[in-house]
Amino acid sequence: MESVALRRTAAIDPAKVVRLMLAFFGDSEVPRAVALDPDALPARPRALLAHNGHMTEVLTQHHGASLSVRPYRIHREGDLYGRRLDLFASGDPQPVMTGVMIFNLALVAAAVRDEIVAAQSPLGEILIRHRILRRVAADAFLRFDADDPLAQRFGIADQPAYGRLATIDCDQRPAVDLLEIVRP
């Protein structure tokens, strides 16, 4: 039987990917989200999402403040470590980003792994500090309905939120799957 190599650019439903990421935590919620072309994003979310950089750097620059991470759900299966999290800009009581991170810890050194699991710093900050050779690739963009539980984390009624699915390669190997949703 011939094997088929799947490319990361293969067409898949981004909302399904979000649903599978949430299932890693045992959650059965169905995201109220639709895929968008990056050009269809409103200007502010497009500036924050449509790039191949670390959200940590982009949000720090945008808000002019350092970021802190507050995980609200953590799950680990062997070397797969995931957290549902909010990022806060210093001095801002509302999250500037919410999301999901699933990391294959087998792909980084013990010191990096320990710092990630400690959940005291945003992931991008950790990878940059440890000078991990990395590549961030935005894979898809989404609009979350205002009544979606992820959009509601911002505490802003009647406004959709926008996000992206991204992958971080560490030392040329896919290591991290991300859902990053910015505050409306």
Query raised in the report: With charges set only on the Cβ (+1 for Lys and Arg, -1 for Asp and Glu), what does the dipole of segment 14-182 come to about its Cα centre, in debye to the nearest 20?
Result: 200 debye
Report summary line: Distance in nm between ALA65 and ASP147 label points, each 7 Å along Cα→Cβ, equals 3.2 nm
Requested in this report: Could you please rank SER68, SER28, placing first whichever residue has the fewest other Cβ atoms within 10 Å of its Cβ?
Outcome: SER28, SER68
Report task. Find the relative contact order for segment 100-184 and round it to a whole percent, using C-alpha pairs within less than 8 Å whose residues are 6+ positions apart. Result -> 32 percent
Query raised in the report: Given the Cα-Cα distance of ALA23 and ILE156 and 0.36 nm per residue of separation, how much length would full extension add, in nm?
Result: 45.3 nm
**Report entry** Extended-chain gain in nm, criterion 0.36 nm per residue less alpha-carbon gap, ASP139 and LYS16
**Finding:** 43.0 nm
Report task. Sort GLU125, GLU77, GLU180 so the one with the fewest other Cβ atoms within 10 Å of its own Cβ comes first. Result -> GLU77, GLU125, GLU180
Query raised in the report: Stretch ASP92-HIS51 to full length: gain in nm at 0.36 nm per residue minus the Cα-Cα span?
Result: 12.3 nm
Report task. From the P(r) of segment 14-182, can you give the percent of Cα pairs sitting at distances over 30 Å? Result -> 10 percent
Report summary line: Most exposed first, judged by fewest Cβ atoms within 10 angstrom, PHE141, PHE88 run PHE88, PHE141
Report task. For the chain, calculate the relative contact order in percent as a whole number, restricting contacts to Cα pairs under 8 Å that are 6 or more residues apart. Result -> 23 percent
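Since every read-out is calculated from the coordinates, none of them should be taken as a lab result. What you see is a predicted model; the values in this text were computed from it and never measured. No Cβ is skipped: glycine too gets one built from the backbone with ideal geometry, and neighbour counts run over all protein chains shown.
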